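Each remark here refers to the structure printed beneath this line.
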Amino acid sequence: MDLKTRFLQYTRINTTTNQIAGSAGVMPSSLGQIELGKLIVKELNEMQGITNIEHRDNGIVTATLPSNCGDDLPSVAFFGHLDTSSEHVGDTHAKLVNYQGGYIKLGHGEVLTIKDNPELNNYIGQEIFVTDGTSLLGADDKAAIAAIMNALEVITSTPSIKHGKVSVAFVPDEEQGLLGANAFNTPDFADFGYTLDCCGIGEFVKENWNAGNAVITFHGKSAHPMNSKGNLKNSLLMAQQFITYFPRLETPENTEGRDGYYWMKKLEGNSAKTVLNIDIRDFTKEGYLDRKCFIDQACRSFNNLYGDGTLTYNISDRYENVSNYLNNTIGNMAISLAEQAYIKNGIEMKVIPMRGGYDGAVFSANGIPCPNIFTGAHNFHSICEYLPVPSLLAASNVVQTIIMTIAEDK
């Protein structure tokens, strides 16, 4: 199947993650993810030599291409996620434009401008997938699925290509706390792997956040205004005071690169009870532990001021930095193979720290070292999301090259 047709076919299935269902433990959280999984299974069954095709009840799709040159080669896996962000829930209306420079009219009054998207200058003369201005494009992460499936189709239809064991997995609900990756937990699936998720052509991720969250509950005491003096303890004002303990410049809107932060993510309640949710992020283990310690000490100090039990809290870990699991022989091999594949395809590797989480962090912690390869897309989670076709093809070519490079010395 033509790569462009394949991607467009995937975008026509609405796989928006459902935050409410996911929070209630439903996986996959939306029926569209099951529909997309069924389509992938159909396509895998049509490829020559693919085995162990499975579509699990929780939406996870897995399959294997057995080695055609012996069993002594390391096995590799490629991962994508089925869901798209809930930032926009409408059906995707993707279209293809021939970009000749300047702005791109999406529709419904939305425009991609050079001012806001200067990297568009790199794609003059290329075909680009864009939205119609009403929805996401869905390249996060259907571009990954298209790139991986295209690579499999090329390899399975060309028997002369030597390869070791190749596994693929497509998981649900990445967009709400990496739920699908956490449910996968199959360390013997491959020796190492790669996710394809995020970013323009050439970008490569081998570190991301150490991430956690704190849930802090302020217990006040309600009273009618007519007799509130000496009786009312306003939990909303307590929360407001507590927030001032934190360094104002260590927030998402004031940091970049490898700077960590505290994100006052959600605040809700009334005078009697207020709950504050804080995201904790840092690239280093030491910095992450220091941030958790800071919150712990702030909570203790607050209770010393207002009395024990005025504030209760829970600090928990969400995912680790993938670099914690790549500093070993297998991890270094995964990085080296990717570097070779980029070079062989004439792609300049741009190593970036991912200021977010991705499935590879979970896979790595569960025994499959897993850096991240670009998909070629830009402006994720936005109606201005776009994907140059040559970048998508380059991602698929990198997947193919990694597979072939593993078997080169055989």
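The values are calculated or read from the model by the stated rules, or taken from the named source; none is laboratory data. What you see is a predicted model, and the numbers here were worked out from it, not measured in a lab. FYI the Cβ positions are ideal-geometry reconstructions off the backbone, even for glycines, and counts take in every protein chain you see. Quick note on the areas: whole protein, heavy atoms, side chains included, nothing else; ligands and nucleic acids left out. Shrake-Rupley method; radii C 1.70, N 1.55, O 1.52, S 1.80 Å.
If you go through segment 348-365 and keep only what is part of a loop (DSSP other than H, G, I, E, B) and under 10 Å from the mean Cα position of the chain (by Cα), you end up with G356, G357, Y358.
Just checking, does segment 150-165 include any residue being surrounded by fewer than 22 Cβ atoms within 10 Å (Cβ to Cβ) and touching a Phe, Trp or Tyr at 6+ places or on another chain (Cβ under 7 Å)? No: segment 150-165 contains no residue that is surrounded by fewer than 22 Cβ atoms within 10 Å (Cβ to Cβ) and touching a Phe, Trp or Tyr at 6+ places or on another chain (Cβ under 7 Å). Contact map, segment 16-43: residues that are free of Cβ contacts under 8 Å to residues at least 12 places away in the same chain paired with residues that are open to solvent by less than 70 Å² (accessible area, probe 1.4 Å), Cβ distance under 6 Å, separation 6+ or inter-chain. Pairs shown: A21/S29. Can A94 be described as among the small types (G, A, S), in contact with a strand residue (DSSP E or B) (Cβ under 8 Å, 6 or more places away or on another chain), under 17 Å from I155 (Cα atoms) and buried (at least 18 other Cβ atoms within 10 Å of the Cβ)? Spelling it out, it is not the case that A94 is among the small types (G, A, S), in contact with a strand residue (DSSP E or B) (Cβ under 8 Å, 6 or more places away or on another chain), under 17 Å from I155 (Cα atoms) and buried (at least 18 other Cβ atoms within 10 Å of the Cβ).
Residues that are under 22 Å from the mean Cα position of the chain (by Cα), closer than 23 Å to I373 by Cβ and in a loop (DSSP other than H, G, I, E, B) are absent from segment 27-37 altogether. The residues listed here are E207, E174; of these, the one that is at pLDDT 95 or above, touching a strand residue (DSSP E or B) at 6+ places or on another chain (Cβ under 6 Å), open to solvent by 10 Å² or more (accessible area, probe 1.4 Å) and within 17 Å of Y325 (Cβ to Cβ) is E207. When E286, E250 are checked against the criterion of being at negative phi and assigned to a loop (DSSP other than H, G, I, E, B), E250 stands alone in meeting it. Residues that are touching a residue at least 60 places away in the same chain (Cβ under 8 Å) and either of a type in the set (D, E, K, R) or under 12 Å from I243 (Cβ atoms) (or both) were ranked within segment 258-276; the one that is surrounded by the most Cβ atoms within 10 Å (Cβ to Cβ) is L276. Give segment 45-63 a look and list any residue that's open to solvent by less than 40 Å² (accessible area, probe 1.4 Å), aliphatic (A, V, I, L, M) and not in a loop (DSSP other than H, G, I, E, B), or say none. Listed by number, the residues that qualify are V61, A63.
Take the conditions part of a loop (DSSP other than H, G, I, E, B), open to solvent by 20 Å² or more (accessible area, probe 1.4 Å), within 30 Å of G331 (Cα to Cα) and not acidic (D, E) and apply them to G70. Does it pass? When the stated conditions are applied, G70 passes them. For segment 374-410, filtered to residues that are aliphatic (A, V, I, L, M) and farther than 19 Å from Y123 by Cβ, the residue that is most open to solvent (accessible area, probe 1.4 Å) is M404. Can you confirm whether segment 132-141 contains a residue that is modelled with pLDDT of 95 or more, open to solvent by 20 Å² or more (accessible area, probe 1.4 Å) and outside any loop (DSSP other than H, G, I, E, B)? No, every residue in segment 132-141 fails to be modelled with pLDDT of 95 or more, open to solvent by 20 Å² or more (accessible area, probe 1.4 Å) and outside any loop (DSSP other than H, G, I, E, B). Please determine whether any residue of segment 12-25 is of a type in the set (K, R), part of a helix (DSSP H, G or I) and surrounded by 13 or more Cβ atoms within 10 Å (Cβ to Cβ). Among the residues of segment 12-25, not one is of a type in the set (K, R), part of a helix (DSSP H, G or I) and surrounded by 13 or more Cβ atoms within 10 Å (Cβ to Cβ), which makes the answer no.
Okay, residues lined up against (1) under 26 Å from D191 (Cα atoms); (2) of a type in the set (K, R); (3) over 26 Å from the mean Cα position of the chain (by Cα):
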position	(1), (2), (3)
Q48	yes, no, yes
A63	yes, no, no
Y99	no, no, yes
H108	no, no, yes
L120	no, no, no
Y123	no, no, no
E127	no, no, no
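Taking every residue in segment 299-312 that is under 16 Å from T274 (Cα atoms) and pairing it with any residue that is of a type outside the set (G, A, S) and open to solvent by 30 Å² or more (accessible area, probe 1.4 Å), at least 6 positions away or on another chain, the pairs with Cβ-Cβ distances below 6 Å are C299/Y313; T310/H219.
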